[in-house]
Structures are given as structure tokens and as C-alpha cells.
1. Once you sort the root eigenvalues of the Cα gyration tensor of the stretch 31-128 as a ≥ b ≥ c, which label holds: rounded (a/c under 1.5), prolate (a/b larger than b/c) or oblate (the other case)?
2. Taking the Kirkwood radius as the inverse of the mean 1/r across Cα pairs, report the Rg/Rh of the stretch 104-145.
3. Using the alpha-carbon atoms, what tilt in degrees (0 to 90, nearest 10) does helix 83-94 show relative to the longest principal axis of the chain?
4. Which of these, K84, K39, K132, has the largest mean-square fluctuation under a Gaussian network model of the chain (Cα springs below 10 Å)?
5. Treating only the Cβ atoms of Lys and Arg (+1) and Asp and Glu (-1) as charged, compute the dipole magnitude of the chain about its Cα centre; round to the nearest 20 debye.
6. In the Gaussian network model of the chain, springs joining C-alpha atoms below 10 Å, which of L119, L30, L51 carries the largest mean-square fluctuation?
7. Sticking with the crude label model, points 7 Å out along Cα→Cβ, report the distance from C9 to L113 in nm, one decimal please.
8. Can you list the cysteines of the chain that have no other Cys Cβ under 4.7 Å away?
Amino acid sequence: MRIQQFFICLFILIVSFSALAQVTSTPEPLVFENQQQQKRFDELTRELRCLVCQNQNLADSDAPLAHDLRREVHEMLMAGQTNKQIKQFLVERYGDFVLYRPPVQNNTYLLWLAPLILLLGGAWVLRANINKRAALLNADDNHQD
């Protein structure tokens, strides 16, 4: 009876893992009329962030949404839109997060200042920790005398 239960559990486990497998399709290659369009597309996809991946640009991401966004950028580029128009469209649709270098404005001050704030906070914590240890060492030295 235990062997049957083992095989049933094993079967359920294998079926559940196969259900998690994703079917990925190979995206169709994007065709450009000239080398200049290809270069513009490459520059744009390096400047735009993948919305699914934490820290990848559209050019490097393999996420399905990144494929869709690359295809959308390609269509807008082929329609004759400028880089600025393409970026503006994506910012209106997805927000400043889509840009790797978002503009400095009221709603992005924290984004630009966060690294400095974290660095200063870390330095303050480190200094407080060093002072605390020094005070403990001094207290120990005074008690031993």
C-alpha cells in the first residue's frame, strides 16, 4: 500500500512541475530599412528599462513584456517617430520608471537622492557603532584599573 501511495505522490509531483513549465516562443526578428534605424533602435532599447526585470534594459531582457515593448518601439520607429516621441509615449503609458535615466523633477527627487541618503545614513550608523565600541572599551579599561 505504501508503494502505491509513493507512486501516486510522485505522479502528482511530476504533473504539478510540468504545469509550471512555460512555453516560450521565439520572437520574430525585427527588420530595419537601413543601418541608421537599427542603430537608433539599439540605442533606444538600451535607454529603456524592462518593466518586469529589476535592473535590465529592453535590449538585454528576455521577458515576454520586453519582447512586446521592443516590437512596439520598432513599429513606432518604422512609422517615423523621433526618439523623443517614442520615449514620451512610453513614459505616458508606463511612467518615468521605464527610463533608465529619469528626469530630475519633483516626483523623482527621492530616486536621485536615495543613494546619497543611504550612504550618509550608513556612515552615521557606522560612526555610532564605532563610538559605542570605543566607549565600551574605555569603560572596560577603567573597571580593570
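1. Verdict is prolate for the stretch 31-128.
2. Over the Cα atoms of the stretch 104-145, Rg/Rh equals 1.43.
3. Approximately 70 degrees, to the nearest ten.
4. K132
5. 120
6. Comparing L119, L30, L51 in the GNM, the peak value goes to L119.
7. According to this spin-label approximation, the distance is 5.6 nm.
8. Those would be C9, since no other cysteine Cβ in the chain comes under 4.7 Å of theirs.
No value in this document is a laboratory result; all are computed from the given coordinates. In this text, all values refer to a predicted model and were calculated from it rather than measured experimentally. Every residue, glycine among them, receives a Cβ derived from its backbone with ideal geometry; neighbour counts consider all protein chains shown.
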